Amino acid sequence: MSAGDRKGSGGGKPPGAGRGARDLKVEVKRSRKLSHSSQLWLRRQLNDPYVKRAKEAGYRSRAAFKLSEMDDKVKFLRPGQRLIDLGCAPGGWCQVAGERIGVKSGKGKVIGIDLLRVDPVPGAEIIQMDFMDEAAPQRLKDMLDGPADGVMSDMAANTTGHKKTDHLKIIGLAEAALDFAHEVLSPGGFFLVKLFQGGESAALLSELKRDFTTVRNLKPSASRADSSELYVLATGYRRERGGQP
Ligand SMILES: C[S@@+](CC[C@H](N)C(=O)[O-])C[C@H]1O[C@@H](n2cnc3c(N)ncnc32)[C@H](O)[C@@H]1O
């Protein structure tokens, strides 16, 4: 996960969201032990209204706000759904999805996977594994034990700073997520994936347009304005599970 996603969550805009650097309240003392970029990251975290609100709401990541905002807008999460959460650490999306599908009252299922260890999230089943490992799709299918109503991917490889390389890495993850979605989604299901604007996403988008009734670009306000991150939500899966177009 990107450093900025580690803390934050909830639903709706937190007070102060969208304010610029001029409004920063907490300054970080210069330290020889921290690199300049670490100091900038720390300053951004300490002054991020979503991070504060996530702590208050008991969410594990500011990313939780992104999912709740997108669902408030489009309403693709429904009680009883069976969902896959790819790149789920530290668990913010598992928390929000679980609440919205009703796992507490025994409805639905959330299956998550991440390279990193994730502390248990009530109602979710999570494995620590590389999704790109060839054994991962079958592991997830075994856990799912049936079709999925939605596949969500917030996977992001560590950025290198080289734009083109970073775009290619995220497209690779998004394409693998979509291949997996074809194997598990039931007709009518949804696919939500993180991309970067300006990436090599034309082939992926045309595949989504072919196989889903509606494809939307979403930029939740919890996604930093200065980040090229965006989400693509495809709803109304048109194919039979594992079938041909
Ligand atoms: C932005 S974070 C996810 C935040 C999460 N949605 C939340 O709400 O807490 C992206 C995650 O993708 C994971 N990731 C990246 N590549 C992966 C891979 N190949 N397999 C599994 N997880 C991966 C990273 O370890 C990281 O935790």
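The values are calculated or read from the model by the stated rules, or taken from the named source; none is laboratory data. Given the structure is predicted, the values throughout are model-derived calculations rather than measurements. Don't worry about glycine lacking a Cβ; one is built from the backbone with ideal geometry, like all the others, and counts go over all protein chains shown. Areas reflect the complete protein model, heavy atoms only, side chains present, ligands, DNA and RNA absent. Shrake-Rupley method; radii C 1.70, N 1.55, O 1.52, S 1.80 Å.
Some points to look at:
- Residue in region 181-199 that is open to solvent by 40 Å² or more (accessible area, probe 1.4 Å), part of a helix (DSSP H, G or I) and not aromatic (Phe, Trp, Tyr) present: yes
- Only one of the numbered conditions (1) open to solvent by less than 30 Å² (accessible area, probe 1.4 Å); (2) over 26 Å from Gln138 (Cα atoms) is not met by Leu42, and that is (1).
- Filter pass, Thr235 being in a strand (DSSP E or B), at pLDDT 95 or above and open to solvent by 70 Å² or more (accessible area, probe 1.4 Å): no
- Residues that are at pLDDT below 90 and open to solvent by less than 70 Å² (accessible area, probe 1.4 Å) were ranked within region 162-171; the one that is nearest to the ligand (Cβ to nearest atom) is Asp166.
- Taking every residue in region 149-161 that is within 8 Å of the ligand (Cβ to nearest atom) and pairing it with any residue that is open to solvent by 30 Å² or more (accessible area, probe 1.4 Å), at least 6 positions away or on another chain, the pairs with Cβ-Cβ distances below 7 Å are Ala156/Met1; Ala156/Ser2; Ala157/Lys169.
- Checked against the criterion of being modelled with pLDDT under 95, in a helix (DSSP H, G or I) and touching a Ser or Thr at 6+ places or on another chain (Cβ under 9 Å), region 57-77 has at least one qualifying residue.
- Matching residues, region 86-135, being free of Cβ contacts under 8 Å to residues at least 12 places away in the same chain and either in contact with a strand residue (DSSP E or B) (Cβ under 6 Å, 6 or more places away or on another chain) or more than 11 Å from the ligand (Cβ to nearest atom) (or both): Glu99, Ser105, Gly106, Pro120, Glu134, Ala135
- Here Ala202 meets the list (1) under 22 Å from Val110 (Cα atoms); (2) surrounded by fewer than 15 Cβ atoms within 10 Å (Cβ to Cβ) almost entirely, failing just condition (1).
- Some residue of region 68-81 being open to solvent by 30 Å² or more (accessible area, probe 1.4 Å) and of a type in the set (Ser, Thr, Tyr): no
- Number of the condition not met by Asp142 [criteria: (1) surrounded by fewer than 10 Cβ atoms within 10 Å (Cβ to Cβ); (2) modelled with pLDDT under 95]: (2)
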